[in-house]
1. Please give the Cα centre distance for the range 241-256 versus the range 258-331, rounded to the nearest Å.
2. Pulled fully out, how much extra length does the chain show between K154 and A349, if you take 0.36 nm times their separation in residues and subtract their Cα-Cα distance?
3. Computed on alpha carbon atoms, what radius of gyration and Dmax characterise the range 73-217, expressed in Å?
4. Compute the acute angle (0 to 90°) between the alpha-carbon long axis of helix 34-50 and the principal axis of greatest extent of the alpha-carbon atoms of the chain; round to the nearest 10°.
5. Enumerate by residue number the trypsin sites (Lys or Arg not before Pro) in the range 211-289 meeting two conditions: DSSP loop (anything except H, G, I, E, B), and at most 11 other Cβ atoms within 10 Å of the site's Cβ.
6. May I ask you to give the percent of accessible area on the chain that is carbon plus sulfur, with a probe radius of 1.4 Å?
7. Which part of the range 110-136 falls in the paramagnetic zone of K211, meaning amide N under 20 Å from the point 7 Å along Cα-to-beta-carbon?
8. What are the ³J(HN,Hα) couplings of the range 7-22, residue after residue, when phi is run through the Karplus curve with 6.51, -1.76, 1.60 and θ = phi - 60°? Round to Hz, x for glycine and proline.
Amino acid sequence: MYIKKQRLLTPGPTPLLPQALHAMMGSDIHHRTEDFRKVYKSVLSGLREVMQTSHDVIVLVASGSGAMEASIQNCFSCGDEVLVLTAGKFGERWVALTKAFGLKPTVIEEPYGSSVRPDQVAAALAANPNIRGVFVQASETSTGAAHDIEGMAKVIRQHDVLFVIDAITGLGTMPLKIDEWGLDIVIGGSQKAFMIPPGLAFLSVSEKAWKRMDEAKNARFYFDLKRERKNALNGESAWTPAVSLLLAMDEALKYIRNLGMDNLVANAQLLARATRAAAAALGLELFSPTCPGSSVTAIRAPQGMDSGVIVKEFRTRFGSIIANGQGSMKGQIFRVAHLGYFDFADLFAMVAELEIILAANGHPVEFGRGVAAVQNIYADAALLKKDIKEAVAV
Ligand SMILES: *Cc1c(COP(=O)(O)O)cnc(C)c1O
């Protein structure tokens, strides 16, 4: 029996930033006092800063799906025709959500592991001038694939439609130029690249989207974005907020601002690249080889092996919690996360653990091959740089 520390290495929840966790102990403040208003204002301006947008950002007490629901409730009406782009479990959530609110989605569906192309979006919008909104994931966490948001935005900008992006694992792992590209609603969640526990969702809202809310007729009450915007002007939320999470978020945003959002993205991208190199060195196939994102890398289990065995042995042998595939991908793939508070030491360990697990299950592995691939990527990026702070995100 050896000591094993639990390490949470999934693409949500992600590893927690210690100082954010500690900040949660200061939760004994009342939400209608100046103490709270100071925190809330700081969180809202911090979110605008790291999302690099001039749009309003609204925070909701919910998991990420709550903000997805709010975008539909507030900006659309029953019977509206919309376009949903899907290539995974979270794309399917958009399909289910739009239907649940009585919208009529046209669905462009690509197989798991690939992504929808901007030219498909252009064709669908040209074919149906009644479409009022387009829904997509920036990063499809279930497959590890990324969508070309910039390319889609170019097409969508030419039409009078709202572009609604589930960027819950896109934020902090890929560039998202909200103002420049004209992204109307961009949704994030606290338990992803923001390094704190689940329970807060947030979304940036463009002028165009605010205008749409005046005519949208779907019922709304708890997730009333206009009510939240009005209250936010005074530094308050409409309802009792999740004070502990907001204190954590304030700390996490300080950390991210200090690091720089671009460096947070670069960090995830470099770790993702190193993970792909390790997989190749170990003879493992990627699940989304043509459009890999940087929030999470989905790797196929070796032929004849259930990925659930790999996930289970990560936990039982090493205390490392990694993700299995979802839905029909369960048993086929395992997913290694990069978003948020992940570093090279996490990856060295994870790849070394993977090598041991493969060997223990009868798959020939030359120990160190995968780890060396990660080390080489680190060496290229940072070994010879004098100022390590500049070379790799701290
Ligand atoms: C995590 C995640 C969500 C939100 O799921 P919740 O359980 O509601 O937080 C939505 N979309 C994507 C792409 C995600 O990764």
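The values are calculated or read from the model by the stated rules, or taken from the named source; none is laboratory data. Fair warning: this is a prediction, and the values are worked out from it, not measured in the lab. In this analysis, Cβ positions are derived from the backbone assuming ideal geometry, glycine residues included, and neighbour counts consider all displayed protein chains. Please note that ligands, DNA and RNA were not included when accessible areas were found on the heavy atoms of the full protein model with its side chains. Shrake-Rupley method; radii C 1.70, N 1.55, O 1.52, S 1.80 Å.
1. Taking the Cα centre of each part, the range 241-256 and the range 258-331 sit 28 Å apart.
2. On the way: separation 195, 0.36 × 195 = 70.20 nm, distance 4.09 nm.
Contour length minus Cα-Cα distance gives 66.1 nm.
3. 14.2, 43
4. 70
5. K217
6. On the way: 8620 of 16540 Å².
Result for the chain: 52 percent of the exposed heavy-atom area is carbon or sulfur.
7. 129-135
8. Using θ = phi - 60°, the values come out as 10, 8, 10, 9, x, x, x, 10, x, 8, 6, x, 5, 6, 4, 5 Hz.
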